[in-house]
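The values are calculated or read from the model by the stated rules, or taken from the named source; none is laboratory data. Note that the structure is a prediction, hence the values are computed from the model and not measured. Neighbour counts are summed over all protein chains in view; Cβ atoms, including those assigned to glycine, are modelled from backbone coordinates with ideal geometry. These accessible areas exclude ligands, DNA and RNA; they are computed on the full protein's heavy atoms, side chains included. Shrake-Rupley method; radii C 1.70, N 1.55, O 1.52, S 1.80 Å.
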Amino acid sequence: MLFDTAIGRCGIAWSAHGVAGVQLPEGREPETRARLLRRFPGAREAAPPPDVQPAVDGIVALLSGSSSRLDGVALDMDRVPPFHRRVYAVARAIPPGATLSYGEIAARLGEPALARDVGQALGQNPFALIVPCHRVIAAGGKLGGFSARGGTATKLRLLAIEGARVSDQLALFEP
């Protein structure tokens, strides 16, 4: 299912176990739909069930700049490796407007040497915004990477919508 947000048409797919994936906007609606269908080949357009609608509403609110917590949304983690699940659980606890570094997440997992693995897990995050990987930054307040369309520019935009600041913003947005 595709739905309108302040940054464009997003997509969401679900199963009987919860949200299976969220797609941030691609360049145009047909590209967003195609990307969602590549990720979820059996998906078909339908109204979301009552347990998924709060995820859609929360994403819309979050992207419009309203405070919205998505940490209660049920996720279908059937295809998610155990380490990724642990990373996603920590990332889901980061509130809007706040950030953690890859190393801080690794430390919270009791695995301080695995900051790169945390980054790789977040780079494969199928639940964009619900698992707020955009709130995870590199050491020293640097932005780090972002695998969605638009890369770090999209990450900065999402962080700006939420009122978060990272050191990379100074060079990009202030005179």
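Rounded to whole Hz and in sequence order, give me ³J(HN,Hα) for the range 83-92 from the Karplus expression 6.51 cos²θ - 1.76 cosθ + 1.60, θ = phi - 60°, writing x for Gly and Pro.
4, 4, 4, 5, 4, 5, 4, 5, 4, 5
Residues with amide H under 5 Å of T5's amide H, sequence separation 5 or more or different chain, H placed in the peptide plane at 1.01 Å from N; which?
For T5, whose amide H was placed from the backbone, the distant partners under 5 Å are C10.
Using only the alpha-carbon atoms of the range 47-121, report the extent along each of the three principal axes, biggest first, to the nearest angstrom.
Computed over the range 47-121, the largest-to-smallest principal extents equal 42, 29, 16 Å.
Grab the DSSP H runs of the chain that are 4 residues or longer, score each as -39,500 (n - 2.57), total them, divide by all residues and round the 222 nm result to the nearest 500 deg cm²/dmol. Let's see the in-between values first.
Values: 7 runs with 67 residues, N = 175.
Counting only the DSSP helices, I get -11000 deg cm²/dmol.
State the percentage of accessible surface on the range 31-175 attributable to carbon and sulfur atoms; use a 1.4 Å probe and exclude ligands, DNA and RNA.
54
Quick check for you: with a 1.4 Å probe and neighbouring chains kept, what is the accessible area per residue of the chain, in Å²?
49
For every other residue with a beta carbon closer than 12 angstrom to the beta carbon of M1, add +1 if it is Lys or Arg and -1 if Asp or Glu, then tell me the sum. Please list the in-between numbers first.
On the way: positive: R9, R33, R44; negative: D4, E45.
Around M1, the charge tally is +1.
Where does the range 45-88 land on Rg/Rh, using Cα atoms and the Kirkwood Rh?
Reported Rg/Rh (Cα atoms, Kirkwood Rh): 1.05.
Scale the Cα Rg of the chain by the rule-of-thumb value 2.2 N^0.38 Å and send over the ratio, two decimals.
0.99
Kindly write out, for the range 138-150 in residue order, the coupling ³J(HN,Hα) from the Karplus curve 6.51 cos²θ - 1.76 cosθ + 1.60 (θ = phi - 60°), rounded to whole Hz, with x marking Gly and Pro.
7, 4, x, x, 6, 5, x, x, 7, 8, 6, 3, x
May I ask you to list the GluC sites (Glu not before Pro) in the range 25-101 that are in a DSSP loop and have at most 11 other Cβ atoms within 10 Å of their Cβ?
Answer by residue number: E45.
Note the angle between two axes, namely the Cα long axis of helix 151-162 and the longest principal axis of the Cα atoms of the chain, as a number of degrees from 0 to 90, rounded to the nearest 10.
90
Calculate one ³J(HN,Hα) per residue across the range 32-47 by plugging θ = phi - 60° into the Karplus curve 6.51 cos²θ - 1.76 cosθ + 1.60, and present them in order as whole Hz with x for glycine and proline.
5, 4, 4, 5, 4, 5, 5, 6, 9, x, x, 5, 9, 5, 7, 5
Give the long-range amide H neighbours of S101: residues separated by 5 or more places, or on another chain, with amide H under 5 Å away, using H modelled in the peptide plane at 1.01 Å from N.
Distant-sequence amide H within range of S101: I137.
Under 5 Å between amide H atoms, partner at least 5 residues away or on a different chain: which partners does L75 have, H built in plane at 1.01 Å?
Distant-sequence amide H within range of L75: V19.
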